[in-house]
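Q: Below are the structure tokens for one structure; questions will follow.
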Amino acid sequence: METPKSFDESAPVPTDHIEKSKEQVFGEQISAYLESPHFLNFLHELPDEYREKALGIVIEYFIINTDGNNVETFQERIKGIHFDRLHPEDEDSLQSAIYMSVVERLGFKEPLNKLDEKVVFDYFVENYIKNGYFFHGFNGTFEDVIREKGLTPDERLWDTEDLKAITEIGTKHGKPMLLGWHSINSEGKIFFDAHTKNMYRYAVASPEWFAHFVAEGNHVEPTGDNKKVFYTRNYDKARANVVQTCRDMALDPEEESRVMAFFEKYWKLLAQEKSKPKLALIKRTAIEPIDKLNDFYTYENFKTFGFDNVLKGLLRWEDSDQSIQEAITPENIVIVDLPEYKAVHI
């Protein structure tokens, strides 16, 4: 199979891209690569439980190396990393693979002298921090609204009163978490992460309250693939889960009718053709002022910590769930298409 050529930002832009911004083209380039047979074949060579995190780190590679140059070499370097646990030696290997991609890109060889160290440090800060991104996985059903209005803390396509009514039924019958943490995770805030570690799972389970309702919640028995039916958009099995939940709660006919109508309404909205997983790359400067980044991320501020420690700090791949209550405008968002769950986990 022919390996796709790396992306070249200086190459002629197709005519259908003339009216698109540089950011839009960047998002489409990443999307095309992630859904290419070449990349999916790479994922399928990894253990199933590693694939989502490997997908995420390849996205971060494109942020650091925006033309995607030598991405195949990078993928070979990360094949042996245990992405399910990321022990210190695995994290060191991951950081080393990213670091070496930049050293080679800049034409340097190890060991670096102090002047070269500063050039590498400045490259990382410029591309990964100042021109870097935060990450928000979402259901593709919301894409049109996000492109028009951005990410807003209160813009939702569902009726909050519907959710309250179903929560009341669940609470009455001993299942107060029937819709998970929707009142915390889905109202008044925008959640994002500084890394891609969990972003794919967030995207395929978006919105979390619905995934919890039809599959992920404790009220659904972990038999067969019951917990994954929303990821795979399996209507019949999702409906069977909800029917069983109604029986387990011993709902009266009127209550069961309301719960099933709720399921049908929101399955139609949230599991339709447009609902494939997506990723919003949120420009870091939309949340952290550039002046603050310029003042903090200087080689002089960091060099006393030792170059290895500095890079480990910049590239530490850890959970960092964050939230804000302010809107993020469309011009500060780049949208990336992610492969569907069944394409990643064949």
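Each value in this text was obtained by applying a stated rule to the coordinates, not by laboratory testing. This one's a predicted model, so the numbers in the text were calculated from it and none came from an experiment. Because the Cβ atoms are built from the backbone with ideal geometry, glycine has one as well, and the counts that use them run over all protein chains shown.
Q: Determine whether Tyr133 is in contact (Cβ under 8 Å) with a residue 24 or more places away in the chain and surrounded by fewer than 19 Cβ atoms within 10 Å (Cβ to Cβ). Show your work before the answer.
A: On the way: in contact (Cβ under 8 Å) with a residue 24 or more places away in the chain: yes; surrounded by fewer than 19 Cβ atoms within 10 Å (Cβ to Cβ): no.
Criteria not met by Tyr133.
Q: So, in the stretch 219-236, how many residues would count as being in contact with a helix residue (DSSP H, G or I) (Cβ under 9 Å, 6 or more places away or on another chain) and surrounded by fewer than 18 Cβ atoms within 10 Å (Cβ to Cβ)?
A: Residues of the stretch 219-236 in contact with a helix residue (DSSP H, G or I) (Cβ under 9 Å, 6 or more places away or on another chain): 219-221, 224-235.
Subsequent filtering for residues that are surrounded by fewer than 18 Cβ atoms within 10 Å (Cβ to Cβ) retains 221, 224-225, 227, 232, 235.
Total meeting the criteria: 6.
Q: Kindly check whether there is at least one residue in the stretch 65-85 that is in a helix (DSSP H, G or I), of a type in the set (Lys, Arg) and more than 20 Å from Ala194 (Cα to Cα).
A: The first filter runs over the stretch 65-85 and keeps only residues in a helix (DSSP H, G or I), leaving 71-78.
Still in the running and of a type in the set (Lys, Arg): 77.
Checking which are more than 20 Å from Ala194 (Cα to Cα) leaves us with 77.
Yes, some residue in the stretch 65-85 is in a helix (DSSP H, G or I), of a type in the set (Lys, Arg) and more than 20 Å from Ala194 (Cα to Cα).
Q: Which one of these is surrounded by 17 or more Cβ atoms within 10 Å (Cβ to Cβ), part of a helix (DSSP H, G or I) and of a type in the set (A, V, I, L, M): Val336, Val310?
A: Details: Val336 fails: part of a helix (DSSP H, G or I).
Of Val336, Val310, the one residue that is surrounded by 17 or more Cβ atoms within 10 Å (Cβ to Cβ), part of a helix (DSSP H, G or I) and of a type in the set (A, V, I, L, M) is Val310.
Q: Ok, one more. Six or more apart or on different chains, Cβ atoms under 9 Å: show the pairs whose first residue is in the stretch 286-297 and closer than 18 Å to Phe191 by Cα and touching a residue at least 60 places away in the same chain (Cβ under 8 Å) and whose second is outside any helix (DSSP H, G or I) and aliphatic (A, V, I, L, M).
A: The qualifying pairs are Ile287/Ile324; Ile287/Ile328.
Q: Restricting attention to the stretch 90-115, which residues are in contact (Cβ under 8 Å) with a residue 12 or more places away in the chain, out of contact with any Lys or Arg (no Cβ under 6 Å at 6 or more places or on another chain) and of a type in the set (A, V, I, L, M)?
A: The answer is Leu94, Ile98, Met100, Val102, Val103, Leu106, Leu112.
Q: To continue, here is another question. Looking only at the stretch 224-265, which residues are over 19 Å from Pro176 (Cα atoms), in contact (Cβ under 8 Å) with a residue 40 or more places away in the chain and in a helix (DSSP H, G or I)?
A: Within the stretch 224-265, Lys228, Lys265 meet the criteria.
Q: Is there a residue in the stretch 16-39 that is of a type in the set (Ser, Thr, Tyr) and surrounded by fewer than 16 Cβ atoms within 10 Å (Cβ to Cβ)? Write out each step before concluding.
A: Here is the first cut: in the stretch 16-39, the ones of a type in the set (Ser, Thr, Tyr) are 21, 31, 33, 36.
Then keep just the ones that are surrounded by fewer than 16 Cβ atoms within 10 Å (Cβ to Cβ); that gives 21, 36.
Yes.
Q: On to the next question. In the stretch 145-171, what residues are assigned to a helix (DSSP H, G or I) and in contact (Cβ under 8 Å) with a residue 40 or more places away in the chain? Write out each step before concluding.
A: Step one: list which residues in the stretch 145-171 are assigned to a helix (DSSP H, G or I), which gives 145-149, 160-171.
Selection gives Ile146, Arg147, Glu148, Lys149, Asp162, Leu163, Ala165, Ile166, Ile169, Gly170.
Q: Same structure again: Which of the residues that make up the stretch 266-276 are surrounded by fewer than 17 Cβ atoms within 10 Å (Cβ to Cβ), assigned to a helix (DSSP H, G or I) and not basic (Lys, Arg)?
A: Here is the first cut: in the stretch 266-276, the ones surrounded by fewer than 17 Cβ atoms within 10 Å (Cβ to Cβ) are 268-269, 272-274.
From what's left, assigned to a helix (DSSP H, G or I): 268-269.
The answer is Leu269, and nothing else.
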